Amino acid sequence: MKAHIRDYAGGKVAFIGIGGCSMSGLATLMKALGYTVKGSDRDASHKTDALEASGIPVKIGHEAENVHGVDFVVYTAAISPDNIERLEAERLGIPQIERAELIGQLMEGYGQAIGISGTHGKTTTTAMMSQVFVDCQTDPTVHIGGELDSLGGSTLLGKKDVIITEACEFAGSFLKFKPTIAVILNIDEDHLDYYKDIDDIERAFADFAAITPEQSGWCVGWGDDMRVRRVLENSNRHTRTYGLNPYNEIRAEDISYDELGKAHFRATLYGHQLCEVQLAVAGEHNLLDALAVIAVASICELPMSRVAESLERFTGAHRRFDLTSVTDAVRIYQDYGHNPTEIKNALKIAKLQPHGTLWAVWQPHTYSRTKKLFNQFLDTFHDADKLLITDICAAREADPGDISSKMLIAPLRERGCDAVLTPGFDDAEKYLRAHWKPGDLVITLGCGNIDLLNEQIALHGDSPDYRPV
């Protein structure tokens, strides 16, 4: 059975897989909307601890009884139909709503529903957009797939004027959304366990653009990306492109970067200056994300002086080049980057920071991504001096037996990359502590649970033999 949340206002809901970034935020949002919320997850985590602390009960482990007594169930695409809780809900006739459907239902009724899609940069841009709309006093409702300190988490319940949310293309999830403004940051190869090829991915983004209202809908996209530009041109919607090339409507001009890679630029619309911005986050990709925000802000007629001020204060979402500790005088960062483009962007920023040896610790995410992007990953780590690779994070997949992290080591070394296999987080920490030196920089990379390595290094503190200079 399918359901709509409006049919169960103030009702009881169970979230299956509540500990995920998106699901934990949605659970919090539903509680704020007046629903009685509980949930379950396979493992305990900081997310589940935080939910418990906020008054949302969480059961660790999946059991049939976890869905007893609720009006409807919310689950993620990663929860299979044969999950014991989903089977029990079906047996009892309890309606089930997939996570993306829930987001689509939440978007209904808002004056402006902004869905931010793209292969890379969704969380950062959504966080950046959210901060700008909050600072411009629009009182938005927000759902981010990460955490932003200025919001106090990943969600915010505002009025019914504006809702801002990430729109992920995995398994076609974003096609269940209801945007009035569809933002497309880029179109690249990823999720090839679901999509046939890059053309199939482009078709999905075209379908996403087509969801916007035919007369009043807007499509905003990076005009320097050929595939994004083609989607916009064929959308039959109002469009606004942004980028660095002169044919874009929103452009960054007079660009300069400081020694840490932070951009200063003038944003223009059809050549007329909108604002001047000095970013506090580094890299061209963050400049492009800021342009996407400015493009949407121009459509929504936000005051550009406030937009610029807010962008200048933006320091990033958690797990996006996030400093987690300084241990043995080594600065240790984490980044969510998990495909070649994202990892390269993170390493470019890391290389600009003062450092001795630049260490990258990579946790490949899913067997299918590692296998299908294998050759691209071999050309991804040139900016790192040393690379440690942990075991693949399986996530939603079973081990097919024909791909492993060990298979990456020899071809990476052939390309001049100093790569070492450290299967577990204890192995990686032991290797780092045995070899790093004060002044080095470590960045962990991946969208799995690699952040636990950062946490355990911070928890263990300085090594017993470390002596500050």
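Brief remarks on what is shown
- Summary of the geometry: segment 240-269 and segment 1-43, compared by the centres of their Cα atoms, lie 40 Å apart.
- Whether segment 67-148 is rounded, prolate or oblate, judged on the alpha carbon gyration tensor where a/c under 1.5 counts as rounded: prolate
- Here is the result for segment 391-447: no chymotrypsin sites (Phe, Trp or Tyr not before Pro) lie in DSSP coil with at most 14 other C-beta atoms within 10 angstrom of their C-beta.
- For residue 255, solvent-accessible area (1.4 Å; no DNA, RNA or ligand), Å²: 60
- Residue 44 paired with residue 375, simple spin-label distance in nm, labels 7 Å along Cα-to-beta-carbon: 4.7
- Calculated FRET efficiency for the pair residue 32/residue 247, C-beta based, R₀ 45 Å, to 0.05: 0.55
- Here residue 7 sits with roughly 100 square angstrom of accessible surface, probe radius 1.4 Å.
- The residue among 105, 205, 334 whose Cα reaches farthest toward the positive pole of the charge dipole of the chain, with charges on the beta-carbon of Lys, Arg, Asp and Glu, is 105.
- Cα gyration tensor category, rounded, prolate or oblate, for segment 390-467 with a/c compared to 1.5: oblate
- Stretchable slack from residue 216 to residue 323, in nm (0.36 nm times residue separation minus alpha-carbon distance): 34.3 nm
- Our summary gives segment 228-368 a relative contact order of 16 percent, counting only alpha carbon pairs under 8 angstrom and 6 or more residues apart.
- When each of 159/196; 371/437; 176/351; 351/371 is checked by Cα-Cα distance, pairs over 29 Å: 159/196; 371/437; 176/351
- Area accessible to solvent at residue 4, 1.4 Å probe radius, in Å²: 30
- Positive-end extreme of charge dipole, the chain - chosen from 37, 412, 187 (charges on Cβ): 37
- Förster radius 45 Å - calculated FRET efficiency between residue 409 and residue 59 (Cβ-Cβ, nearest 0.05): 0.65
- Dimensionless Rg/Rh of segment 175-308 - Kirkwood Rh, Rg from C-alpha atoms: 0.99
- MRE, 222 nm, helices only [DSSP H, n ≥ 4, -39500 (n - 2.57), over the chain, to nearest 500]: -9500 deg cm²/dmol
- Whichever aspartates and glutamates have a C-alpha closer than 15 Å to that of residue 348, once near sequence neighbours (fewer than 8 apart) are set aside: 258, 259, 284, 322, 335, 379, 383, 385
- Exposed-loop-free span, longest in the chain, where GluC sites (Glu not before Pro) count as exposed if DSSP calls them loop and at most 16 other C-beta atoms lie within 10 Å: 109-213
- At 1.567 mPa s and 4 °C, Stokes D of the chain from Kirkwood alpha-carbon radius, µm² per second: 56
- Exposed trypsin sites (Lys or Arg not before Pro) absent - longest run of the chain, DSSP non-H/G/I/E/B, at most 16 other C-beta within 10 Å: 197-395
- Shape call, segment 316-469: gyration tensor on alpha carbons, a/c limit 1.5: prolate
- Positive-pole candidate from 446, 80, 25, dipole of the chain, charges at beta carbon: 25
- Alpha carbon centroid spacing (whole Å) that separates segment 172-232 from segment 52-127: 23
- Solvent-accessible surface of protein heavy atoms, probed at 1.4 angstrom with all chains present, puts 382, 120, 68 in the order 382, 68, 120, largest first.
The values are calculated or read from the model by the stated rules, or taken from the named source; none is laboratory data. No experiment lies behind these values; they were computed from the predicted model shown. No Cβ is skipped: glycine too gets one built from the backbone with ideal geometry, and neighbour counts run over all protein chains shown. Ligands, DNA and RNA are stripped out before the accessible areas are found, and what is left, the full protein with its side chains, is counted by its heavy atoms. Shrake-Rupley method; radii C 1.70, N 1.55, O 1.52, S 1.80 Å.
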